[in-house]
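The block underneath contains the structure these notes are about, expressed in structure tokens.
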Amino acid sequence: MKWWMGLFLLLFSLLILSRGIVQPPYLEDTMFSLAFGVDLNKENELVFYDTSPVFGKEVKEKTERFDVKAKTIRQSRKEFDDRSTGVSIGSKLQVLLIGKRLLQDPNWLSLLDVFYRDSKATVNSRIMIVDGPVSEIMHFNPKDKPTTSIYLRSLIDTSNVRGESVKTTLQNLHRQLFDKGITPAIPTIKMGKEVILTGSTLLNGKGMYSASLNSQETTLLQILQGDKSDFYLTLPVIKGKEENSIERNMLSFNAHNVKTKIHTEYSHDKFRFDIHVNMYIELSERLFPFNMKKNSDKLEQMVEKQLKMQLGNFIKKIQKHKIDPIGLGVYARAYQNKHYEQVQDRWGKALGEATINISVDVTTRSMGAVK
């Protein structure tokens with residue numbers, strides 16, 4: 001009788017389990033949200049945008065686009081479902097676009113709650129700030145480029161590899177907002193004849209817009225952050241400016257093996273940071289006459305002077321706005337924790353009063369193929 005009881009229990013278990021299995025929807029019955037945007041219209045109403053691929057042999061338009069007005073992202077998904085033949089799925093989201101006007105609202109971050117609370121959502125999607133209407137980006141559909149989501153994701157990822165852009169995911173943003181020792185930096189794009197990566201948007205500790213960086217300043221930020229990328233820079237290294245349209249004081253180079261060391265001290269009731277940047281450079285462009293072979297040391301000194309000045313100006317900019325995209329607060333917490341704990345809730349102000357010294361050491365590895 002025991003084997004009968006065992007067989008009965010096995011059949012009973014299979015029956016119960018089979019009832020709990022939900023048949024997944026077919027591919028053509030799903031709507032994979034790959035690019036999602038949030039913006040304010042002229043009436044200051046929230047508008048949500050979504051693009052998703054369309055599956056089917058007879059379908060000519062392979063991308064489905066929706067614009068809806070709603071109060072929350074979760075509510076907008078219901079609106080998308082009401083307009084689509086598929087079930088909305090957000091776990092494949094590639095890019096999240098935020099309109100720059102929305103950053104002026106102190107409560108804009110609350111809109112992202114659904115991404116962190118929904119266990120089926122992804123936090124690896126790239127977040128970008130749009131300088132202009134989000135609708136222009138979401139409806140951009142050139143024939144010579146891939147779909148919007150793949151195009152924007154590749155634009156950020158490849159620029160980040162070249163050291164020209166920060167790469168911020170929803171997970172990175174969450175960490176930067178809740179870590180008192182660093183403030184967020186998010187890549188910024190705008191629509192011209194095509195999508196252009198313009199630099200970065202800097203937020204304060206509360207997530208509000210604070211300042212903007214151009215592409216060159218974004219590269220300087222990544223150098224100070226200790227990023228291991230190879231960087232491309234163009235600098236005016238000699239004095240003077242031509243009267244015509246061509247400036248002959250410019251020098252371009254690729255920077256390799258960039259190492260940034262930050263030393264932290266606390267004295268006279270304020271923090272002190274000594275930042276040393278060491279790099280090898282390969283010259284790629286020179287618009288002025290110069291004897292490279294005899295005066296290579298002098299050229300390195302000119303590059304060091306100009307880099308030190310630009311890095312110093314960048315430091316003054318973030319101190320003026322009382323923000324810390326570099327993450328100097330992380331160093332203060334690690335090496336001067338006793339003093340950091342006293343000012344962690346007003347770290348931006350403490351950093352603005354800190355002494356920050358910059359030193360640069362440049363070594364020329366290559367002067368180019370032409371003498």
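With a Förster radius of 51 Å, plug the Cβ-Cβ distance of PHE288 and ASP82 into 1/(1 + (r/R0)^6) and report the FRET value to the nearest 0.05.
Taking R0 as 51 Å, the efficiency between PHE288 and ASP82 is 0.20.
Might you tell me the accessible area per residue for the stretch 178-336, computed with a 1.4 Å probe and given in Å²?
Accessible area per residue: 51 Å².
Between SER154 and ASN214, what is the label-point separation in nm under the 7 Å Cα-to-beta-carbon projection?
2.8
Could you give each residue of the stretch 169-179 its phi-based ³J(HN,Hα) in whole Hz, using Karplus coefficients 6.51, -1.76, 1.60 with θ = phi - 60°, and x for Gly or Pro?
Whole-Hz 3J(HN,Hα) from phi for the stretch 169-179: 9, 4, 5, 4, 4, 4, 5, 5, 6, 9, 8.
Nearest 0.05, what FRET efficiency do LYS92 and ARG272 give at R0 = 35 Å with Cβ-Cβ as r?
About 0.15, to the nearest 0.05.
Taking 0.36 nm per residue of sequence separation and subtracting the Cα-Cα distance, how much length would be gained by fully extending the chain between ARG175 and GLU194, in nm to one decimal?
3.7 nm
Using amide H atoms built 1.01 Å from N in the peptide plane, name the residues 5+ places from LEU93, or on other chains, whose amide H lies under 5 Å from its own.
THR122
Quote to one decimal, in nm, the extra length available between ASP113 and HIS263 on full extension: 0.36 nm per residue of separation minus the C-alpha distance between them.
50.3 nm
Output ³J(HN,Hα) for the stretch 119-128: one whole-Hz value per residue in order, computed from phi by the Karplus curve 6.51 cos²θ - 1.76 cosθ + 1.60 with θ = phi - 60°, and x for Gly and Pro.
Computed from phi, the couplings for the stretch 119-128 are 5, 8, 7, 9, 10, 9, 5, 6, 9, 9 Hz.
List the residues whose amide H sits under 5 Å from the amide H of VAL360, counting only those 5 or more places along or on another chain, with H placed 1.01 Å from N in the peptide plane.
The list, which skips near neighbours in sequence, is VAL277.
Whole-Hz ³J(HN,Hα) for each residue in the stretch 132-142, computed from phi via Karplus 6.51 cos²θ - 1.76 cosθ + 1.60 with θ = phi - 60°, x for glycine and proline: what do you get?
So the Karplus estimates, Gly and Pro as x, are x, x, 5, 4, 5, 6, 5, 9, 6, 9, x Hz.
Contact order normalised by length for the stretch 236-318, with contacts defined as Cα pairs under 8 Å and 6 or more residues apart; what percent is it?
Details: 86 pairs, mean separation 23.5, N = 83.
That works out to 28 percent.
The values are calculated or read from the model by the stated rules, or taken from the named source; none is laboratory data. Because the structure is a prediction, the values reported are computed rather than measured. So basically every Cβ, Gly included, is an ideal-geometry build from the backbone, and we count neighbours across all protein chains shown. Remember, those area values only see protein heavy atoms, side chains included, never the ligands or the DNA or RNA. Shrake-Rupley method; radii C 1.70, N 1.55, O 1.52, S 1.80 Å.
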